[in-house]
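S.K.: Take a look at the following structure, please.
Read the figures in this text as sums done on the coordinates, not as results from a lab. Here the structure is a predicted model, which means the values were calculated and not measured. Cβ sites come from the backbone with ideal geometry, for glycine too, and all protein chains shown count toward neighbours.
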Amino acid sequence: MDFISVKEAFGRAGEVALRGWCSRVRTQKNIVFVVLRDGSGSIQVAFKEGDVSADAFKRASELTVESSITLTGAVRKDDRAPGGYEVQGRTLDVVHVAERFPIVKDKSPEFLLDVRHLWLRSEQIANVTVVKDTLMSAARDWFRKNEWFETTPPIITASAAEGGSTIFEIDYFGDKAYLSQSAQMYLEALIFPLERVWAITPSFRAETSRTTRHLTEYWHLEAEAAWLDQEANMRVQESLVSAMAQAVGKQCAEQLRALGRDPADLLKIKPPFKRITYDDAIEILKKKGMDVKWGDDLRTEEERALVEGEEKPIFVTNYPAHIKAFYMKLNPDGKTVACADMIAPEGFGEIIGGSQRSEDIEYMKKRLKAEGANLKNYEWYFDLRRFGSVPHSGFGLGIERVVRWFCKLEHIRDATPFPRTLNRFYP
Ligand code: ATP
Ligand code: MG
């Protein structure tokens, strides 16, 4: 008999062959109950003395948590079983008897991070991983449908995109090189042959503050397009994020519910998203009694206050130039830049940073000098403004930030299988 998946077994009548892992094992008188897990889900299997051979019953009674097995049996509707179906075991082969599984009742967060390679087998992480798969694939579909090209920028770089304070340095055969914080500058080079380009790459940030929204390694979705101004840039972002929310809301309803997120919340995410200027944001925050002044960057608390009562993300636009990166286009007021952060609802904070890019080499040089950067490393970037420069814009979206929001996770580390943070890069 050919093996079928647990998902396929639900609702099937008659004999099936299944294989997977025992996530729970319990013996009750003359029946061994096993919760069998595979890549598609879990189903209860009952091995009853007499229904199976004496040998098979003995093997079933010796099963341990996480042992791998193959079996045949008959699927039956059973309201007492989780999911409403049960398999009555007929034959059992044990592929591997697992040693005593280290994850038992008391599970401190630190311990679970130490055994992350095993804790990945939990339902929660599996559900999050399915959501992540779905939203990345929805993003890819969106770009393809709208005729953007997926590209492969480098990870090893000679210069910082987002400022020196969070950069990881590596030894490159005796020279200093850096792990990419953003692919943006490389995507900017790629708009000249292709106009609309995007990439998903790991970005690295040596974040030294402990927050629930920063990893030191994360997956970064970045896009860049020629002839795109900042207003059109925001329309791209709201359309993309809405497509991701719709796909997850529709395709992952079951996973979302298990994670405590109502899929209807995501189905409400549709363009347009509200836009408020940074100037207005400061006034709103002051009225709410918060201690902020023009020129301050917005922290998690302020972002949370700005989305109070919102069901969809909002854009905060035109931040002061001095709190944003050197490559953003200066507005005519000479103080703010043509940029926007997209802030997720419910206090999940910034999920996208985007801007129109400066075409003014002298302005960018002045900014970089003030930051103490080595201008020589940026000569190639200035070349992009010397040979057929055009207005262009782009943005960067943190995949784990969006996963955290969609899945309603307390901490961003649960949005990725092997989180890297200030004091952890094992396992
Ligand atoms: P923050 O203010 O939250 O540190 P940022 O301004 O440094 O964000 P950008 O440089 O604009 O962020 O990066 C683009 C996007 O990448 C952000 O909107 C966010 O979604 C994501 N991102 C940035 N830093 C991290 C990080 N350390 N871990 C996970 N995602 C991140
Ligand atoms: Mg940052």
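S.K.: With +1 on the Cβ of every Lys and Arg and -1 on the Cβ of every Asp and Glu, and nothing else charged, how large is the dipole of the chain about its Cα centre, in debye rounded to the nearest 20?
M.R.: The dipole of the chain has a size of about 720 debye.
S.K.: Sticking with the crude label model, points 7 Å out along Cα→Cβ, report the distance from PHE149 to ARG121 in nm, one decimal please.
M.R.: 4.6 nm
S.K.: For LEU375 and GLU346 in one chain, what is 0.36 nm times their gap in residues minus the Cα-Cα distance, to one decimal in nm? Display every interim value, and only then the final one.
M.R.: On the way: separation 29, 0.36 × 29 = 10.44 nm, distance 4.08 nm.
Going from the current span to full extension adds 6.4 nm.
S.K.: Which angle from 0 to 90°, rounded to the nearest 10, does the C-alpha axis of helix 230-251 make with the longest principal axis of the chain?
M.R.: Tilt relative to the chain: about 0 degrees.
S.K.: Looking at this model, which pairs from LYS145/LYS376; LYS287/LYS324; LYS312/LYS365; LYS286/LYS324; LYS250/LYS274 are more than 27 angstrom apart at the alpha-carbon? Provide the component values of the computation, followed by the final result.
M.R.: On the way: LYS145/LYS376 39 Å; LYS287/LYS324 25 Å; LYS312/LYS365 38 Å; LYS286/LYS324 22 Å; LYS250/LYS274 24 Å.
Violating the 27 Å Cα-Cα cut-off are LYS145/LYS376; LYS312/LYS365.
S.K.: Just the Cα atoms of region 308-392, one point each, no solvent: what log10 I(q)/I(0) does Debye give at q = 0.19, 0.20, 0.22 Å⁻¹?
M.R.: Calculated log10 I(q)/I(0) at the listed q: -0.87, -0.93, -1.04.
S.K.: On to the next question. Helix 361-370 against the longest principal axis of the chain: what's the angle in degrees, Cα atoms only, rounded to the nearest 10?
M.R.: Helix 361-370 sits roughly 70 degrees off the main axis of the chain.
S.K.: Pick out, from GLN184, PRO417, GLN28, the residue whose Cα sits farthest towards the positive end of the charge dipole of the chain, with +1 on the Cβ of Lys and Arg and -1 on the Cβ of Asp and Glu.
M.R.: The Cα lying farthest towards the positive end belongs to GLN28.
S.K.: Between GLU62 and ASP106, what is the label-point separation in nm under the 7 Å Cα-to-beta-carbon projection?
M.R.: Going by the 7 Å Cα→Cβ label model, 3.3 nm.
S.K.: Now for a different question. What ranking of SER393, SER68, SER182 emerges when the number of other C-beta atoms within 10 Å of each C-beta is taken as an exposure proxy, fewest first? Could the numbers behind the result be given before it?
M.R.: Numbers: SER393 27, SER68 15, SER182 23.
Ordered by Cβ neighbours within 10 Å, fewest first: SER68, SER182, SER393.
S.K.: If I model a spin label at ALA74 and ILE170 as a point 7 Å from the Cα along the Cα→Cβ vector, what separation in nanometres do I get?
M.R.: Roughly 5.9 nm, to one decimal.
S.K.: With a Förster radius of 51 Å, plug the Cβ-Cβ distance of ALA54 and ASP114 into 1/(1 + (r/R0)^6) and report the FRET value to the nearest 0.05.
M.R.: Here the calculated transfer efficiency is 0.80.
S.K.: Related question: What's the local net charge at TYR85, with K and R +1, D and E -1, over the other residues with C-beta under 13 Å away? List each step's numbers first, then the result.
M.R.: Working: positive: LYS7, ARG12, ARG76, LYS77, ARG80; negative: GLU8, ASP78, ASP79, GLU86.
Net charge around TYR85: +1.
S.K.: Let me ask you something else. Taking 0.36 nm per residue of sequence separation and subtracting the Cα-Cα distance, how much length would be gained by fully extending the chain between SER23 and TYR426, in nm to one decimal? Don't skip to the end; give the middle numbers.
M.R.: Values: separation 403, 0.36 × 403 = 145.08 nm, distance 2.44 nm.
Between SER23 and TYR426, full extension yields an extra 142.6 nm.
S.K.: Using only Cα atoms, tell me the angle between helix 184-194 and the longest principal axis of the chain; keep it within 0 to 90° and round to the nearest 10.
M.R.: With both axes taken from Cα atoms, the answer is about 80 degrees.
S.K.: Under the rule a/c < 1.5 gives rounded, and otherwise a/b versus b/c splits prolate from oblate, where does region 177-286 land using the Cα gyration tensor? Write out the running numbers ahead of the final one.
M.R.: Values: a/c = 1.34, a/b = 1.25, b/c = 1.07.
Rounded, since a/c falls under 1.5.
S.K.: State the percent of C-alpha pairs, over all pairs in the chain, separated by a distance greater than 43 angstrom.
M.R.: Details: 23652 of 90951 pairs.
Cα-Cα pairs in the chain separated by more than 43 Å: 26 percent.
S.K.: If you take every DSSP beta bridge whose two residues both sit in the chain, what share of them, in percent to the nearest 5, is antiparallel? Can you show the working numbers first?
M.R.: Values: 74 of 85 bridges.
Counting DSSP beta bridges with both partners in the chain, the antiparallel share is about 85 percent.
S.K.: Same structure, new question: Ranked highest first by average number of other Cβ atoms within 10 Å, how do 410-421, 10-21, 332-343 line up? Provide the component values of the computation, followed by the final result.
M.R.: Values: 410-421: 17.8, 10-21: 15.6, 332-343: 19.8.
The packing order, highest mean first, is 332-343, 410-421, 10-21.
S.K.: Taking other Cβ within 10 Å of each residue's Cβ, how do ASP78, ASP106 sort, fewest first? Spell out each step's value before the answer.
M.R.: Details: ASP78 15, ASP106 6.
Ranking ASP78, ASP106 by Cβ neighbours within 10 Å, fewest first, gives ASP106, ASP78.
S.K.: Would you list, by chain and number, the lysines whose Cα falls below 27 Å from the Cα of LYS58, excluding same-chain residues fewer than 8 positions away?
M.R.: LYS29, LYS48, LYS77, LYS105
S.K.: Once you treat every alpha carbon in region 1-122 as an equal point and sum by Debye, what is log10 I(q)/I(0) at q = 0.09, 0.12, 0.20, 0.23 Å⁻¹?
M.R.: Normalising to I(0) and taking log10 leaves -0.25, -0.43, -1.09, -1.35.
S.K.: With both partners inside region 42-105, how many of the DSSP beta bridges are antiparallel, as a percent to the nearest 5?
M.R.: 70 percent
S.K.: So what is the calculated 222 nm ellipticity per residue for the chain, using -39500 (n - 2.57) for each DSSP H run with n of 4 or more, over all residues, to the nearest 500 deg cm²/dmol? Display every interim value, and only then the final one.
M.R.: On the way: 14 runs with 131 residues, N = 427.
Computed mean residue ellipticity for the chain: -9000 deg cm²/dmol.
S.K.: When the chain is modelled as a GNM with alpha-carbon springs shorter than 10 Å, which of THR166, THR277, THR70 fluctuates the most?
M.R.: Its mean-square fluctuation being the largest, the pick is THR70.
S.K.: What list do you get for ARG275, ARG24, ARG210, ARG196 if you sort them by fewest beta carbons within 10 Å? Mind dumping the intermediate values first?
M.R.: Numbers: ARG275 16, ARG24 13, ARG210 9, ARG196 19.
Ranking ARG275, ARG24, ARG210, ARG196 by Cβ neighbours within 10 Å, fewest first, gives ARG210, ARG24, ARG275, ARG196.
S.K.: Using only C-alpha atoms and all pairs of different ones, pull out the Kirkwood radius for region 237-289 in Å with one decimal. Can you show the working numbers first?
M.R.: On the way: mean 1/r = 0.0774 Å⁻¹.
Computed over Cα pairs of region 237-289, the Kirkwood hydrodynamic radius comes out at 12.9 Å.
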